[in-house]
Amino acid sequence: MGGSSGSGSSTNTTYTQSIPEYAKPYFLTVMDRAEKESQRNPADFVYGADRTANATEDSTIAAEANRNVWRRGAPDIDAARGATAQAGAVSQGLGQFQGANFQSGYPAPTPYAGAQFDPRMIQAASVSAQPFTGADAARYMSPYMQQVVDRQTQAAQQAFDEG
């Protein structure tokens, strides 16, 4: 075991800080309540009542009509589902997203009559072999969202710098 030689003194300083007396009862009450809340049974938090407040007769009828359409199906919706499934099947073989320029041969009727749309009417005029890059994505981004992200980044950097 080695030691150090030399004459030196060391001092230790201890700082203590406590809650002011006027705030102590409030602080202890809040801490007590927080402890009790943390020990509650999770089943106590389940809300069993109806979560739809003030449902009107019209909104109830509209919701039921919507459910009925989905139950029995609709030719337009079924065609859209089929087109979506076809597009999904095609995209399975692509390594990266590749944008396409579609031109429709579908003439819009006036007024629109259901079930006239046929997904086979859409033909791909050209398909770009260019990958979808960050620059392409930037064209669709909101400048306001970027400002929010920039502020968050600056705040995180500042917090990091301050330690």
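Taken together, the values in this text are just the output of simple stated rules run on the coordinates, not laboratory data. All values reported here derive from a predicted model rather than from experimental measurement. Neighbour counts are summed over all protein chains in view; Cβ atoms, including those assigned to glycine, are modelled from backbone coordinates with ideal geometry.
So the values come out like this:
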item: Stretch gain in nm, segment residue 144-residue 30, where the contour uses 0.36 nm per residue and the Cα spacing is subtracted; result: 37.1 nm
item: Label-point separation, residue 70 to residue 155 (7 Å along Cα→Cβ), nm; result: 3.7 nm
item: Potential lengthening between residue 58 and residue 40 on full extension [0.36 nm per residue; Cα-Cα distance subtracted]; result: 2.4 nm
